[in-house]
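Colleague: Supplied in structure tokens, the structure appears directly below.
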Amino acid sequence: MKVSPIKFNQRMANSLERFSSQGGEKIANYINAGGKFAIAPLVILYNPFSKESKENKKWAAIKQPVEAIVTIAAQIAALGLLFKGIDKLAAKGKIKFKLVEDIKKSGEFPKQILESVNNDKTKALEELNKNCLDIFKDRIGTVLTIALYVPILALSNRIFPKVADMLVKDNDNE
Amino acid sequence: MSNILTPITQSKLFNNHLKRVINDDAFAAKTIVVCSVMKDVFAYSVRYKTTMDNEKIPEKRRPFVAAMDMASGIVTAIAQIVVGFAIASPKIQNRLWNALFKGAEFKNIGIAKKSFATILALVGSGVITERILVPLIATPLAEKMEKKFFKKTPDEQTQYPLSNYLHLSKNRPTLKSFINKTSANEKQSKKQDKKALQKTI
């Protein structure tokens with residue numbers, strides 16, 4: 001079955017819209033974990049420029065998917081809770097952005113926001129508030145992600161030697 | 001919690017940042033790349049420290065795994081910024097947008113374009129650079145670093161670079177060091193009690 005270029009483009013567009021509803025920080029974490037899980041181990045193992053022993057490379061490669069699984073699981077759980085909490089506070093009107101208040105008074109909306117809602121100023125205010133909240137969540141999410149690295153890496157450092165020891169049978173792991 | 005967040009949401013610095021991210025897609029994408037680099041630099045520093053302390057990794061393998069963490073951190077930071085910023089440029093963004101989404105309909109084209117810029121910069125910096133280019137460059141670099149900087153002491157212990165700075169406390173938080181510290185404290189307090197008793201007598 002052939003897919004016409006327009007249909008293919010529309011599918012890509014739908015995927016992009018679905019993906020973008022996740023928010024920047026979550027997208028960054030998915031892309032990071034996906035690359036670490038699937039690509040990094042292969043590149044370490046089959047690096048043509050490396051003369052390191054096969055066993056050493058296997059150890060370094062196994063660390064990548066183990067870390068990716070532990071990291072993404074912890075990040076999804078922690079960021080989910082944090083974003084839920086922020087959304088609840090915002091719904092109660094406890095998070096107010098100075099930029100939104102200023103624009104509410106002046107009526108001068110950013111061009112991109114106005115265009116996205118067909119110049120409807122009531123919708124533009126909602127859109128602006130949503131945009132600010134998403135950016136705010138992304139930045140707070142980055143701080144939380146950094147803070148989470150200490151327990152995440154401690155945990156994956158406990159798990160990965162066991163997995164590597166099981167998979168690398170060279171009787172030389174002393 | 002809102003008391004902690006209000007100073008941020010009302011600050012001039014954060015609101016100027018919001019304004020720029022909303023108005024400038026390239027800046028939004030570059031910000032995500034910088035955040036990603038910040039996370040990686042921190043993560044690789046922690047990774048390097050935990051690897052060199054991890055006695056579960058065989059001594060024979062540990063210097064290379066640690067050197068790999070260090071080399072990856074250095075190469076990642078430089079390469080991600082170069083590639084991420086180049087991909088975030090409006091020229092490249094527009095060319096790829098037209099190639100991929102010509103004739104497609106969007107509910108909100110503004111958000112879709114911003115997400116596209118972010119995803120592209122992240123795929124460029126986080127997948128192509130960090131996962132393909134970095135291991136390719138970092139593996140041979142780690143080998144060289146391992147030979148040059150990870151020296152062995154006469155008793156066959158590895159001397160890890162920066163270990164003096166990364167080990168903030170000489171007593172690592174192991175059960176053994178905790179017991180030693182507690183018994184030392186107990187002895188000291190007993191001595192002090194004895195002295196105080198002698199003084200009163």
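Every number here is computed from the coordinates shown, using simple stated rules; none is lab data. As the structure is a computational prediction, the values presented were derived from the model and not from experiment. Note that we place each Cβ from the backbone using ideal geometry, even for glycine, and neighbour counts take in every protein chain shown.
Colleague: What nm distance separates the two modelled labels at B:Asn23 and A:Ala77, each placed 7 Å from Cα along Cα→Cβ?
Modeller: 4.3 nm
Colleague: Could you give the longest part of chain A that holds none of the trypsin sites (Lys or Arg not before Pro) found in DSSP loops with at most 12 neighbouring Cβ atoms within 10 Å?
Modeller: Numbers: sites that count: A:Lys2, A:Lys51, A:Lys92, A:Lys169.
The longest such stretch corresponds to A:93-168.
Colleague: Now for a separate question. Looking at the protein assembly as shown, what % of the alpha carbon pairs are farther apart than 33 Å?
Modeller: Working: 30556 of 70125 pairs.
Tail fraction, whole percent: 44.
Colleague: Taking a quarter of the surface of the convex hull around the Cα atoms of segment B:2-160, what do you get in nm²? Mind showing how you got there, number by number?
Modeller: On the way: hull surface 54.7 nm².
Averaged projected hull area, Cα only: 13.7 nm².
Colleague: Right, another one. Computed on alpha carbon atoms, what radius of gyration and Dmax characterise segment A:74-174, expressed in Å?
Modeller: Cα only, segment A:74-174: 22.3, 73 Å (Rg, Dmax).
Colleague: Here's something else I'd like to know. Which whole number gives the average, over all residues in A:74-83, of C-beta atoms from other chains lying within 10 Å of the residue C-beta? Write out the running numbers ahead of the final one.
Modeller: On the way: counts 0, 0, 0, 0, 0, 0, 0, 0, 0, 0.
Counting Cβ atoms of other protein chains within 10 Å of each residue's Cβ and averaging gives 0.
Colleague: Roughly what would the spin-label model give for B:Ser11 and B:Val34, points 7 Å off Cα along C-beta, in nm?
Modeller: Output for this residue pair reads 1.3 nm.
Colleague: In addition: List the trypsin sites (Lys or Arg not before Pro) within segment B:9-106 that fall in a DSSP loop (any state other than H, G, I, E or B) and whose Cβ has at most 16 other Cβ atoms within 10 Å.
Modeller: Details: sites: B:Lys12, B:Lys19, B:Arg20, B:Lys30, B:Lys39, B:Arg47, B:Lys49, B:Lys56, B:Lys60, B:Arg61, B:Lys91, B:Arg95, B:Lys102; in loops: B:Lys56, B:Lys60, B:Arg61, B:Lys102.
Passing both the DSSP loop test and the Cβ count: B:Lys56, B:Lys60, B:Lys102.
Colleague: Still on this model: Under the rule of -39500 (n - 2.57) per DSSP H run of 4 or more residues, summed and divided by the residues of chain A, what mean residue ellipticity at 222 nm is obtained, to the nearest 500 deg cm²/dmol?
Modeller: On the way: 7 runs with 137 residues, N = 174.
Computed mean residue ellipticity for chain A: -27000 deg cm²/dmol.
Colleague: Can I ask one more? Which entries in A:Lys137/B:Lys114; A:Lys123/B:Lys39; A:Lys63/B:Lys39; A:Lys26/A:Lys54; A:Lys58/B:Lys114 show an alpha-carbon gap greater than 28 Å?
Modeller: Numbers: A:Lys137/B:Lys114 16 Å; A:Lys123/B:Lys39 35 Å; A:Lys63/B:Lys39 18 Å; A:Lys26/A:Lys54 35 Å; A:Lys58/B:Lys114 39 Å.
Beyond 28 Å between Cα atoms: A:Lys123/B:Lys39; A:Lys26/A:Lys54; A:Lys58/B:Lys114.
Colleague: Would you kindly state how much longer the chain becomes between B:Ile92 and B:Lys147 on full extension, computed as 0.36 nm times their sequence separation minus their alpha carbon distance, in nm to one decimal? Write down the numbers at each step before the final one.
Modeller: Details: separation 55, 0.36 × 55 = 19.80 nm, distance 4.08 nm.
So the chain would gain 15.7 nm between B:Ile92 and B:Lys147.
Colleague: Which FRET efficiency, nearest 0.05, do B:Asn108 and A:Ala147 yield, Cβ-Cβ r, R0 30 Å? Don't skip to the end; give the middle numbers.
Modeller: On the way: r = 32 Å, r/R0 = 1.07.
About 0.40, to the nearest 0.05.
Colleague: Let me ask something else. Restricting everything to alpha-carbon atoms, can you work out Rg to Rh for segment A:16-116 with a Kirkwood hydrodynamic radius?
Modeller: On the way: Rg = 21.4 Å, Rh = 17.5 Å.
Rg/Rh: 1.22.
Colleague: Evaluate E = 1/(1 + (r/R0)^6) for A:Lys54 and B:Tyr165, where r is the Cβ-Cβ distance and R0 equals 30 Å; express this FRET efficiency to the nearest 0.05.
Modeller: Details: r = 33 Å, r/R0 = 1.10.
Calculated value: 0.35.
Colleague: Separate question: What Kirkwood Rh does segment A:41-81 have if only Cα atoms enter the pairwise 1/r average? Answer in Å.
Modeller: Values: mean 1/r = 0.0863 Å⁻¹.
After inverting the pairwise mean of 1/r, the radius is 11.6 Å.
Colleague: Please give the length that would be gained between A:Val163 and A:Lys96 if that part of the chain were fully extended, namely 0.36 nm times their separation in residues minus their C-alpha to C-alpha distance (nm, one decimal).
Modeller: On the way: separation 67, 0.36 × 67 = 24.12 nm, distance 4.76 nm.
Using 0.36 nm per residue and subtracting the Cα-Cα distance, I get 19.4 nm.
Colleague: What angle do you read, to the nearest 10 degrees and between 0 and 90, between the alpha-carbon axis of helix A:24-38 and the longest principal axis of chain A?
Modeller: 20 degrees
Colleague: Pop a pseudo-label 7 angstrom from the Cα along the beta-carbon direction at both B:Asn54 and A:Glu108 and give the gap in nm to one decimal.
Modeller: With each label point 7 Å from Cα toward Cβ, the separation is 5.4 nm.
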